Amino acid sequence: MDKIAKRIEDCRHGKNISQSELARKVGVTPQAVQKWEKAKTVPRGATLRRLADVLGVSPAYIQFGITTSVSDTFSVEQETPDYVVVQREKQDDWPFSVTREQFSRFSEEQRSLINRYIEILWQSIEKKNPDAIR
């Protein structure tokens, strides 16, 4: 959450607007913006989309630091990752997994974020290798 807070604050400063002005443009209270920038809460759903529009970035950038460059390829900001995937010993070893039961316990919003992230990864793979098979 600290990285999300920093990205929101940096974008707001980049637009040279106050927390109150950002709140008014997004349609939330100034206290909500303060909580986002102090990493106490994060914007979600329609509020996240409005925030991204006002700041001139994508929701994926606010959440994950993912940007779209001029060439339309996806990249990740140069930040220290929250999670590091270690080298796999065998080709069929997967560094993590989620069972169907675990996935069913995720909220609709969490599932939506996971699906969106997977879409972004597929788009990145398809741009690098147009013959990639899903």
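The values are calculated or read from the model by the stated rules, or taken from the named source; none is laboratory data. Quick caveat, the model's predicted, so the values are computed rather than measured. So basically every Cβ, Gly included, is an ideal-geometry build from the backbone, and we count neighbours across all protein chains shown. To get the accessible areas, we keep the full protein, side chains included, count just its heavy atoms, and leave off ligands, DNA and RNA. Shrake-Rupley method; radii C 1.70, N 1.55, O 1.52, S 1.80 Å.
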Q | Every pair of residues 6+ apart whose Cβ atoms lie under 8 Å, when the first sits in segment 110-122 and is farther than 19 Å from ALA46 by Cβ while the second is modelled with pLDDT under 75 and among the charged types (D, E, K, R) | A | TRP122/ARG134
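Name the residue that is most open to solvent (accessible area, probe 1.4 Å), counting only residues in segment 21-55 that are in a loop (DSSP other than H, G, I, E, B) and either among the β-branched types (Val, Ile, Thr) or touching a residue at least 60 places away in the same chain (Cβ under 8 Å) (or both). Break it down stepwise before answering.
Kept after step one, since they are in a loop (DSSP other than H, G, I, E, B), are these residues of segment 21-55: 27-29, 38-44.
Pick out the ones that are also either among the β-branched types (Val, Ile, Thr) or touching a residue at least 60 places away in the same chain (Cβ under 8 Å) (or both) and you get 28-29, 41-42, 44.
Working: VAL28: 35, THR29: 73, THR41: 56, VAL42: 30, ARG44: 120 Å².
Ranking the qualifying residues of segment 21-55, first place goes to ARG44.
Output the number of residues of segment 1-20 satisfying the condition of being assigned to a helix (DSSP H, G or I), more than 23 Å from GLN110 (Cβ to Cβ) and out of contact with any Pro (no Cβ under 9 Å at 6 or more places or on another chain). Don't jump to the end; show me each part of the working.
Within segment 1-20, the first condition is being assigned to a helix (DSSP H, G or I), and the residues that meet it are 2-15, 19-20.
Adding the requirement that they be more than 23 Å from GLN110 (Cβ to Cβ) leaves 9-15, 19-20.
From what is left, the residues that are out of contact with any Pro (no Cβ under 9 Å at 6 or more places or on another chain) are 9-15.
Residues meeting the conditions: 7.
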Q | Members of segment 1-14 that are surrounded by 14 or more Cβ atoms within 10 Å (Cβ to Cβ) and either closer than 16 Å to SER58 by Cβ or charged (D, E, K, R) (or both) | A | LYS3, ILE4, LYS6, ARG7, ILE8, GLU9, CYS11, ARG12
